[in-house]
Amino acid sequence: MSTFAGPVEEIPGISVDCFANENLESSVYFLSHVHSDHMNGLDKYFVENLARYNKFLYCSEITKIVLTSKFDLTESTNIKSFSLSNPVIIEFKNRERKICYVTVTLIPAGHCPGSVMFLFEYNGKKILYTGDFRINSNDLSKIKSLHDYDGRNMYPLKFDKIYLDTTFLNLNYSNIPTRKESVEEIKKAASQWLEQDSKNVVLLKLPYTYGLEYVFREISIALKRKIHVLESVHDVYGQISEIAPYITGDGESTPLHACLSVGAYRKNKKCLPCRLDVDESNILLIHVSVLKWGGKLESNTITEWDELDKRQLSVCYSSHASCNELKSFLQYFLAKEIYPCVLPKNPQEHDRVYNLLSEFTKSKEHEIVSIVNHELNFLKSSSSTATFKSEIFTDSD
């Protein structure tokens, strides 16, 4: 859960992933992806007022599609998208209302479709905002937009500051299985279940509405069946070429489902409203998540059957970087300052985050790294209400 308050200190006048409180004074906004903890204050009313105040919101092309559908907008010229890995110069007004310019590059974040990191270049400084991200440590050298090229060799950029997704900066989550490993377990369980009875179906329990599309694609390809999703989700995914071939709005046409929350599943007496021809005994529930695995990950066990119900399987899956992946990221991309964008709810645990960041950035290659303590921003936000698109799904694990 993001605790980032929104303003980018080095670039007064812009805000990222928060649209309330002091951010209302910003002249331009950036949205890394469409998960609710990064959209505080972003609603249809906010979007409609962008034009009124001549302000703009910048995001990826896919994120714009989701926003347009979510808020039922025919078109909003004040929501602007641009392609990945191409630097764009954006005009904004600083706090003194003077016109300024910042160069922004969108880099795929590997979190969910449309999710991006923002590379800001302003007044000679390089600022990286990761948003939520997960990138295989072996792939860091492949991110061209985060490297300099001297004509012969590529060199990782050195940043003045990194605003970092620290969701799993916790030794309990040192080693999270790769997405490829997790999906293999889902495919295996689903395939075996469907082979047992022609009436059997699989229901995926998802941690959020958008974000498991890599799972959808891989399962759909392997089992040669589409995934049934909610109508509202299908309306969005149908506009995204990388996802559309693998999903359907017709629940009777497939045994693979991601169309019901677990709460609704229980309320309906463990039946699927879209498949009245099956009963509870035909449904395999696969819980796709990582949170319940804290402290168990060192055992290398990434699946767990419910002790009382052998038709409920939990699979460890994460679209956030593991603790070791964060360590690799910080030791590959050096920075003078690190700003943790996710702090634990319990303030007594904040020191653990700062200590790990300090430990991970101690090396002969690093300058003295300042770990930004943002207790005040945390308290405030807690109380307030040319890379290809296919990289969205790339997992070379």
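What the table below lists for this structure:
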{"read-out": "Any hit, region 196-210, residues being buried (at least 21 other Cβ atoms within 10 Å of the Cβ) and touching a Cys at 6+ places or on another chain (Cβ under 6 Å)", "value": "yes"}
{"read-out": "Test: L171 is open to solvent by 30 Å² or more (accessible area, probe 1.4 Å), under 30 Å from P255 (Cα atoms) and either aliphatic (A, V, I, L, M) or touching a Ser or Thr at 6+ places or on another chain (Cβ under 8 Å) (or both)", "value": "no"}
{"read-out": "Qualifying positions in region 166-194 - part of a loop (DSSP other than H, G, I, E, B) and closer than 15 Å to N136 by Cβ", "value": "F168, N175, I176, P177, T178"}
{"read-out": "Check on E181, over 25 Å from D306 (Cα atoms), out of contact with any helix residue (DSSP H, G or I) (no Cβ under 8 Å at 6 or more places or on another chain) and of a type outside the set (V, I, T)", "value": "no"}
{"read-out": "Count - residues of region 3-23 that are open to solvent by 20 Å² or more (accessible area, probe 1.4 Å) and either in a loop (DSSP other than H, G, I, E, B) or touching a Phe, Trp or Tyr at 6+ places or on another chain (Cβ under 9 Å) (or both)", "value": "3"}
{"read-out": "Test: residue in region 365-382 that is open to solvent by 20 Å² or more (accessible area, probe 1.4 Å), modelled with pLDDT under 75, within 30 Å of N21 (Cα to Cα) and part of a strand (DSSP E or B)", "value": "yes"}
{"read-out": "Residue count, region 59-90 (criterion: under 20 Å from F46 (Cα atoms) and not hydroxyl-bearing (S, T, Y))", "value": "15"}
{"read-out": "Residue satisfying all of: in region 271-296; more than 20 Å from I186 (Cα to Cα) and modelled with pLDDT under 80; surrounded by the fewest Cβ atoms within 10 Å (Cβ to Cβ) among these", "value": "G295"}
{"read-out": "Considering residues of region 344-356 that are out of contact with any Leu (no Cβ under 7 Å at 6 or more places or on another chain) and open to solvent by less than 40 Å² (accessible area, probe 1.4 Å) only, the residue farthest from L326 (Cα to Cα)", "value": "P344"}
{"read-out": "Conditions (1) surrounded by fewer than 19 Cβ atoms within 10 Å (Cβ to Cβ); (2) in contact with an Asp or Glu (Cβ under 8 Å, 6 or more places away or on another chain); (3) aliphatic (A, V, I, L, M): number failed by V315", "value": "(1)"}
{"read-out": "Residue satisfying all of: in region 57-89; open to solvent by less than 30 Å² (accessible area, probe 1.4 Å) and in contact with a Cys (Cβ under 8 Å, 6 or more places away or on another chain); farthest from E121 (Cα to Cα) among these", "value": "L67"}
{"read-out": "Filter result (open to solvent by 70 Å² or more (accessible area, probe 1.4 Å) and within 17 Å of S220 (Cβ to Cβ)) within region 174-191", "value": "K180, E184, K188"}
{"read-out": "Enumeration of residues in region 121-152 that are among the basic types (K, R) and either in a helix (DSSP H, G or I) or open to solvent by less than 40 Å² (accessible area, probe 1.4 Å) (or both)", "value": "R134, K142, K144"}
{"read-out": "Residue list for region 216-242, filter: crowded, with 17+ Cβ neighbours inside 10 Å, touching a helix residue (DSSP H, G or I) at 6+ places or on another chain (Cβ under 6 Å) and within 21 Å of P273 (Cα to Cα)", "value": "F216, K226, I227, H228"}
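The values are calculated or read from the model by the stated rules, or taken from the named source; none is laboratory data. Since we're looking at a predicted model, the values are computed, not measured. Reconstructed Cβ throughout: ideal geometry from the backbone, glycine too, with neighbour counts over all protein chains shown. Heads up: the accessible areas ignore ligands, DNA and RNA and are worked out on the full protein's heavy atoms, side chains in. Shrake-Rupley method; radii C 1.70, N 1.55, O 1.52, S 1.80 Å.
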